[in-house]
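This report refers to the structure that appears directly beneath it.
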Amino acid sequence: MNEIQAFLLGLIQGLTEYLPVSSSGHLTIVSHFFGIDGEQNLTFTIAVHVATVLSTLVILWKEIVWILKGLFRWNGTLNAEQRYALAILVSMIPVGIVGVFFKDAVEEIFGAGLLIVGCCLLITATLLIFSYYAKPRQKENISLWDAFVIGVAQAVAVLPGLSRSGSTIATGLLLGNKKENLAQFSFLMVIPPILGEALLDIMKAMKDGAETATAGIGFGPLAVGFITAFISGCIACKWMISIVRRGKLVYFGIYCAVVGLLLILFS
């Protein structure tokens, strides 16, 4: 992998991690058409995912500090910060189950080609468009049940072409949650799973040996990919929060539908 390829993969990862168009699907498309094999390089994959997590921490640092300040304050009942942290914890249960019991099956699907990506992009498009036109009654807070259902959407979105942010935000909207709350919750709920997955990958790299993990990549491309993913992730995270508040997800739904149909037709 050279610096140009690392820049392209880092840019795609950073932007599509937050925009509802599926980062895994777009990385699969780029890998197929340009021969860029970033998904199979363990060190690079860890680096760009950690970079996008750091971009979330930078953009949403005030919200994270708010949660941490109230997390250990006890007044005889759960406060708003503790309820929010509990909702994030509940949302992690489905993706944790998938990661522990179905990781190998998911990895096999990633090698199934562009047809599965196209079909999943159409599902993403359907969710985004339907959530735009659906008008359920608005709720003030994200309940624990809603958090679990949104977590199920996140777990299913491990499939290439199913957007994690798109699936979780659209599911939350269909459940009647306010769009002002959903983008923030969607981005915060992914931090623990990504860090957990990165930790597991690091442990696997240590077990397999450093040479296997870093094969085909040097420090230069790794640094370029990390920095690019971090900067583009910051931009996309802030942009996506603004887009959700304005209710403009339908345009991403149209984009996913067009790309999905093209992949199906030419696969």
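The values are calculated or read from the model by the stated rules, or taken from the named source; none is laboratory data. No experiment lies behind these values; they were computed from the predicted model shown. We place every Cβ from the backbone using ideal geometry, glycine too, and count neighbours over all the protein chains shown.
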Test: residue in segment 217-233 that is modelled with pLDDT under 80, surrounded by 12 or more Cβ atoms within 10 Å (Cβ to Cβ) and over 20 Å from residue 124 (Cβ atoms): yes
Subset of segment 148-190 that is closer than 23 Å to residue 234 by Cβ and among the basic types (Lys, Arg) - its residue that is modelled with the highest pLDDT: 164
Test: residue in segment 64-73 that is more than 30 Å from residue 12 (Cα to Cα) and either among the acidic types (Asp, Glu) or not in a helix (DSSP H, G or I) (or both): yes
Lone unmet requirement of (1) at pLDDT below 85; (2) under 26 Å from residue 90 (Cβ atoms) for residue 202: (2)
Residue in segment 234-267 that is modelled with the highest pLDDT, counting only those that are aliphatic (A, V, I, L, M) and within 25 Å of residue 53 (Cβ to Cβ): 235
Unmet criterion (only one of (1) of a type outside the set (D, E, K, R); (2) loosely packed, with under 14 Cβ neighbours inside 10 Å; (3) modelled with pLDDT of 90 or more; (4) closer than 30 Å to residue 261 by Cβ) for residue 136: (3)
